[in-house]
Amino acid sequence: MDNMEENTPIEPSVKLNQGKDFVKKSLVLVWEFAKIIIIAGIIVLPIRYFLFQPFIVKGDSMVPNFHSGDYLIVDEISYRFSNPVRGDVVVLRYPLDNSQRFIKRIIGLPGETVEIKNGKVNILKNGEIVELSEKNYLPDSLATGGDVTLTLGENKYFVMGDNRPFSYDSRRWGVLPIEDIIGKAFLRVFPINNMSYIGAISY
C-alpha cells in the first residue's frame, strides 16, 4: 500500500500550480536583478559622465611625470566650485578641434602675461616679473623652448606639456579657454605599481 501511494500520479492541477510558482519565482529573480542594474546605473552613470571619467594618456608630451598608457581618473566637478590653479594637470578639449583630447599642465593664469625666453618661463603680473620655478616636476636640465610673450584675458589659461621639447601646447596654438577644460587629473590607477594621487604643486 505504501509503495502504491508513493507512485500515485500527481494531479494536473498540482503540476499547474508548481509551474506557476516556478514562473513567479523566476520573475521575482529577474526583477531583483533588473533593480540592481537600474540602481547601479542611477549611481554610476552620473559619476561617470558628470563627476569623474577615465582618461588614457597617449604620447610622450607629459614625460617624465606621465607616460603613454597611464590610466587616469579625471575630476570634473572641482572646477565648478573653484578655478584652476598653476601646476594643475588638466585634460582638455583641443581648442582648434574639440574632438581631440590633450593632457597638459597649467602654467599661466587669467590676467597674467607669460614670457618664454632663453629657456626660461617668466610670469608678469601687476608689473612684477617672476621666473617660474618648475623644479618640483621638471628636471633641472630641461629648458623650455620657444620665444613667446602672451597676455591672458579673462578665463584664459596658458598650458604646456612637461616634456617641453615634444609638447604641442599653448606655445603653438595659443590660449586655452576655461570652457575647454574637461577636468583635473587627480588619480593614476594604472600601471598598478605607479598608482598614485596627483597632488597640488608648490611653487
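The values are calculated or read from the model by the stated rules, or taken from the named source; none is laboratory data. What you see is a predicted model; the values in this text were computed from it and never measured. When we count neighbours, we look across all protein chains shown, and the Cβ atoms used for this are built from the backbone with ideal geometry, even at glycine.
Table for the structure above
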quantity	calculated
The stretch 56-100 - residue that is touching a Phe, Trp or Tyr at 6+ places or on another chain (Cβ under 9 Å) and among the small types (Gly, Ala, Ser) and, of those, nearest to residue 200 (Cα to Cα)	87
Enumeration of residues in the stretch 82-120 that are of a type in the set (Gly, Ala, Ser) and either within 25 Å of residue 53 (Cβ to Cβ) or touching a residue at least 40 places away in the same chain (Cβ under 8 Å) (or both)	82, 87, 99, 108, 111
Residue selected from the stretch 158-170 under the condition assigned to a helix (DSSP H, G or I) and in contact (Cβ under 8 Å) with a residue 24 or more places away in the chain, by the criterion nearest to residue 111 (Cα to Cα)	170
One residue from 36, 106, 47, 42 being modelled with pLDDT of 90 or more and not in a loop (DSSP other than H, G, I, E, B)	106
Residue satisfying all of: in the stretch 118-148; of a type outside the set (D, E, K, R) and not in a loop (DSSP other than H, G, I, E, B); surrounded by the fewest Cβ atoms within 10 Å (Cβ to Cβ) among these	129
Hits in the stretch 67-84 - residues which are of a type in the set (Val, Ile, Thr) and closer than 15 Å to residue 179 by Cα	77
Verdict on residue 69 being surrounded by 16 or more Cβ atoms within 10 Å (Cβ to Cβ) and at pLDDT 70 or above	no
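Quick grid of which residues meet (1) touching a helix residue (DSSP H, G or I) at 6+ places or on another chain (Cβ under 6 Å); (2) surrounded by fewer than 19 Cβ atoms within 10 Å (Cβ to Cβ):
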residue: 150; (1), (2): no, yes
residue: 158; (1), (2): yes, no
residue: 162; (1), (2): no, no
residue: 165; (1), (2): no, yes
residue: 185; (1), (2): no, no
residue: 190; (1), (2): no, yes
residue: 193; (1), (2): no, yes
residue: 196; (1), (2): no, yes
residue: 200; (1), (2): no, yes
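Residue by residue, here is whether (1) over 19 Å from the mean Cα position of the chain (by Cα); (2) in contact (Cβ under 8 Å) with a residue 24 or more places away in the chain; (3) over 19 Å from residue 93 (Cα atoms) holds:
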| site | (1), (2), (3) |
| --- | --- |
| 133 | yes, yes, yes |
| 156 | yes, yes, no |
| 172 | yes, no, no |
| 180 | no, yes, no |
| 185 | no, yes, no |
| 200 | no, yes, yes |
